[in-house]
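Here the structure is laid out as C-alpha cells; the discussion comes afterwards.
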Amino acid sequence: MSIEVKGISKLYGNQKALNQISFKVEKPEIVGFLGPNGAGKSTMMKILTTYLNANEGSAKVNGYDVDTNKQQVQQSVGYLPEHNPLYLDMYIKEYLAFNAHIYNISKKRIDEVIELTGLTPESHKKIGQLSKGYRQRVGLANALLHDPDVLILDEPTTGLDPNQLVDIRNLIKTIGKTKTVFLSTHIMQEVEAICERVIIINKGEIVADKKLKDLRDEK
Ligand code: ADP
Ligand code: ADP
C-alpha cells in the first residue's frame with residue numbers, strides 16, 4: 001500500500017519538469033496531487049508506473065524500486081492515464097478480457113471488476129455506446145483487474161458532467177477504503193470532496209503536503 005519518493009528530478013531536454021520531489025504514502029488513503037497544468041503531475045505518475053525514468057532520485061511502490069523491479073511495481077499499481085486509450089468498437093467484456101489475458105487474470109475477476117465499478121447495467125454494450133462517465137468506469141475496471149494495492153489516477157474526473165462527477169468521485173472514495181489512491185487534479189474542490197491528504201505541486205516542486213483535516217482547521 002506504500003509509495004516512497006526520494007529526491008526525484010526529471011528533465012525533458014534542458015527543461016526541468018520535476019525538481020527534487022519527495023513524499024511518502026504509508027497506508028490506504030486517498031492522496032490528491034494538486035497543481036495547475038504543466039506542474040509535473042503526469043510526469044510523476046508516469047515515473048511511479050515505470051513508463052518514464054527519472055534523471056535523479058528514487059521511487060518505490062510497495063517497497064519495489066521503479067528502476068530495478070519494474071514488473072513487481074506494475075503488479076502493485078493500477079494506472080488510469082489522463083488520455084486512456086479505449087477501443088470504442090469493443091464490447092466492455094471483450095476489452096477487459098483482452099487485458100486480462102495479457103496479464104493472466106481469471107474470467108471471474110472480469111465480472112468482479114464490472115460489479116465493483118458499477119458497470120453491470122451497461123456491461124452488454126460497446127465502449128463507444130457509453131457516456132464519458134461510464135467510459136471512465138471501464139478505465140477504472142481495467143486498472144483494478146490485477147487487484148493492485150495502489151491506484152494511480154491521472155485527472156480521473158476531467159470532462160465529466162456534474163452527475164457523472166459525483167458518481168465517479170463516490171466510486172473512487174469506495175475504492176480508497178481498501179487501497180492507496182494517488183489522484184491528480186487541478187481542482188481544489190475535487191481534493192475537498194474525496195481526499196484525506198493533499199500534496200500540492202507547482203512548477204515541478206512540492207509546495208505543500210497536508211492532511212485535509214488540518215487544512216480545514218487552518219481556515
Ligand atoms: P501536468 O500533468 O501537471 O499537467 P506534465 O507532467 O504533463 O504536467 O508536464 C510537466 C512539464 O513537462 C510541462 O511543462 C510539459 O509541457 C512538459 N512535458 C511533459 N511531457 C513532455 C515531453 N514528453 N517532452 C517535453 N516536455 C514535456
Ligand atoms: P498527459 O497529460 O497524459 O501527459 P498530454 O496530452 O499532456 O498527456 O501529452 C501527450 C503526450 O505528449 C505525452 O506523451 C506527453 O509526455 C507528451 N508531451 C506533453 N507535453 C509535451 C511537450 N511540451 N513537448 C513534447 N511532448 C509533450
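Scanning segment 1-22 for residues that are over 22 Å from residue 73 (Cα atoms) and either in contact with a Leu (Cβ under 6 Å, 6 or more places away or on another chain) or part of a loop (DSSP other than H, G, I, E, B) (or both) returns 13, 14. Scanning segment 1-34 for residues that are small (Gly, Ala, Ser), at negative phi and within 12 Å of ligand 2 (Cβ to nearest atom) yields a count of 1. With respect to (1) outside any loop (DSSP other than H, G, I, E, B); (2) touching a residue at least 24 places away in the same chain (Cβ under 8 Å); (3) β-branched (Val, Ile, Thr); (4) more than 19 Å from residue 6 (Cα to Cα), the lone exception for residue 158 is condition (1). What about residue 178, is it without any contact (Cβ under 8 Å) to a residue 40 or more places away in the chain, within 24 Å of residue 108 (Cα to Cα) and open to solvent by 10 Å² or more (accessible area, probe 1.4 Å)? Spelling it out, it is not the case that residue 178 is without any contact (Cβ under 8 Å) to a residue 40 or more places away in the chain, within 24 Å of residue 108 (Cα to Cα) and open to solvent by 10 Å² or more (accessible area, probe 1.4 Å). Residue 109 passes every criterion in (1) away from ligand 2 (no atom under 16 Å from the Cβ); (2) modelled with pLDDT under 95 apart from (2).
Of the residues making up segment 17-50, just one is β-branched (Val, Ile, Thr) and near ligand 1 (Cβ under 8 Å from one of its atoms), namely 43. All conditions in (1) farther than 27 Å from residue 43 by Cα; (2) exposed (fewer than 13 other Cβ atoms within 10 Å of the Cβ); (3) at pLDDT below 95 hold for residue 102, with the sole exception of (1). Checked against the criterion of being more than 22 Å from residue 156 (Cβ to Cβ) and either among the small types (Gly, Ala, Ser) or within 16 Å of ligand 1 (Cβ to nearest atom) (or both), segment 73-89 has no qualifying residue.
The values are calculated or read from the model by the stated rules, or taken from the named source; none is laboratory data. The shown structure was predicted, so the numbers you read here are calculated from the model rather than taken from an experiment. A quick note on method: Cβ atoms are made from the backbone with ideal geometry, for glycine too, and the neighbour counts reach across all protein chains shown. The area values use the complete protein model at the heavy-atom level, side chains included, leaving out ligands, DNA and RNA. Shrake-Rupley method; radii C 1.70, N 1.55, O 1.52, S 1.80 Å.
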